[in-house]
Amino acid sequence: MSLDIDFVRAQFPAFEQPALAGQAFFENAGGSYPCRQVVERLHRFYLERKVQPYGPYAASRLGGEEMDEARRRLAALMGVETQELSFGPSTTQNTYVLAQAFRQWMKPGEAIIVTNQDHEANSGPWRRLAEAGIEVREWKIDPRSGRLDPLDLDELLDENVRLVCFPHCSNVVGEINPVIEITAMAHAAGAFVCVDGVSYAPHGIPNVGQMGPDIYLFSAYKTYGPHQGLMVIRKALTGLLPNQAHEFNGGWLEKRFVPAGPDHAQVAACAGMADYVETLRAHHGGPDGRPADAGQFVHDLMRDHEVKLLQPLLDALAERNDVRLLGPTRAEDRAPTVALDLGRPAAPVAAELAELGINCGGGDFYAVRPLRALGIDPDQGVLRLSFVHYSHPDEIDRLIGALDKVL
């Protein structure tokens, strides 16, 4: 079944706003529009339940119940236990806290592996562990394609490696890395796995339980939700790492790595993300059984639609000799996050496109390491064109036409 794009766009209030009329949004990798279900839950919470949650009176009790609902339903969509999902202020902050836990747990001389394909959020905090005597090994991308080769990882793995960190896909290269294969390699060597899913989850919430990593992180505000970071930490690892929260919260797995108190309203509003997945499942006649199966059905609907929209854009770019396309030219191999090296500063070109109603970005996007590895000056940056499943085929045509004008 094909995605009903008109039904999808009706779920996003942004498409009804006069101020946004005529604008094609291609900066979704920086943050997506929120779905109606999230907006309504957030609005209701601030109107009716903006009190300390988990108290005996109705407003407090209902607020707490809605926060619990968000954790329970999103964890079920991802195929993990409820207590294995934590909410934090951002993925960057969540990663930083985890790195401090590993700093305390690991011993000098032990090693972690990071990549130079990552956004800085899943690279910088781990690299700083070198200050504690922990060896940091870098899994390098191919300087021409930007690809991470699992064979190169195999050469870095040994009995001293405790953690392997890599992205599900890069926010500039776009290639989808084989999480199941890489996780199996790391586990066979006795290492845990941390996957940055920020650039992948907006294209379909993944079944983390099926893929097998020990840590999976992504951002709700890039996945149609509020500004929260979602963090899955499997129980086998949680019990090993020291508590980073208040001493009395150490026994709660979902609180153990969240030092600050949660943003009650935004956590509760995250249940709207699960509402949205369920709305799409029901409308398209998906399986009405296990939440993870419904999530996979919606994931596949989204990906199929995105692939159909992405391939014409990739083909049009491949025909040009004035840009360098980063990452694969086959839509099936990548997310619809398309970065172009223009050989000149990208930000002014993004400004020209904005005048034509194409909203995108130009810069380094905190991906300084992969850009340098690919021989691109981060100060010039890249032009990034990113979309998700709510994008319309007509918008792709407009984008291609606008690129012809400005390039």
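The values are calculated or read from the model by the stated rules, or taken from the named source; none is laboratory data. From a predicted model like this one, the values you see are computed outputs, not experimental measurements. Don't worry about glycine lacking a Cβ; one is built from the backbone with ideal geometry, like all the others, and counts go over all protein chains shown. Remember, those area values only see protein heavy atoms, side chains included, never the ligands or the DNA or RNA. Shrake-Rupley method; radii C 1.70, N 1.55, O 1.52, S 1.80 Å.
Numbers at a glance
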{"item": "Residue list for segment 11-37, filter: assigned to a loop (DSSP other than H, G, I, E, B) and in contact (Cβ under 8 Å) with a residue 12 or more places away in the chain", "result": "11, 12, 22, 23, 26, 31, 32, 33, 34, 35"}
{"item": "Residue within segment 185-195 that is buried (at least 24 other Cβ atoms within 10 Å of the Cβ) and of a type in the set (Phe, Trp, Tyr) present", "result": "no"}
{"item": "So residue 27, is it within 30 Å of residue 215 (Cβ to Cβ) and buried (at least 21 other Cβ atoms within 10 Å of the Cβ)", "result": "no"}
{"item": "Among the residues listed as 172, 198, the single one being open to solvent by 10 Å² or more (accessible area, probe 1.4 Å), assigned to a loop (DSSP other than H, G, I, E, B) and touching a Phe, Trp or Tyr at 6+ places or on another chain (Cβ under 8 Å)", "result": "198"}
{"item": "Pair list, Cβ < 9 Å and 6+ apart or interchain, from segment 306-321 residues that are β-branched (Val, Ile, Thr) to residues that are buried (at least 18 other Cβ atoms within 10 Å of the Cβ) and part of a helix (DSSP H, G or I)", "result": "307/331"}
{"item": "Matching helices (runs of 4 or more DSSP H) fully within segment 38-136 where at least 2 residues are buried (at least 22 other Cβ atoms within 10 Å of the Cβ) and over 26 Å from the mean Cα position of the chain (by Cα)", "result": "none"}
{"item": "Flag if residue 217 is in a loop (DSSP other than H, G, I, E, B) and aliphatic (A, V, I, L, M)", "result": "no"}
{"item": "Verdict on residue 148 being in contact with a helix residue (DSSP H, G or I) (Cβ under 7 Å, 6 or more places away or on another chain) and at pLDDT 95 or above", "result": "no"}
{"item": "Residue ID - surrounded by the most Cβ atoms within 10 Å (Cβ to Cβ), chosen from residues in segment 368-394 that are of a type in the set (D, E, K, R) and within 23 Å of the chain's Cα centre (by Cα)", "result": "384"}
{"item": "Qualifying residue in segment 323-332 (condition: touching a Lys or Arg at 6+ places or on another chain (Cβ under 6 Å) and either not in a strand (DSSP E or B) or not β-branched (Val, Ile, Thr) (or both))", "result": "yes"}
{"item": "Verdict on residue 365 being aromatic (Phe, Trp, Tyr) and either open to solvent by 50 Å² or more (accessible area, probe 1.4 Å) or within 19 Å of residue 177 (Cβ to Cβ) (or both)", "result": "yes"}
{"item": "Qualifying residue in segment 208-229 (condition: open to solvent by 20 Å² or more (accessible area, probe 1.4 Å), within 30 Å of residue 261 (Cβ to Cβ), at pLDDT 95 or above and among the β-branched types (Val, Ile, Thr))", "result": "no"}
{"item": "Qualifying residue in segment 310-318 (condition: at pLDDT 95 or above, more than 30 Å from residue 2 (Cβ to Cβ) and assigned by the TED database to the domain that holds residue 28)", "result": "no"}
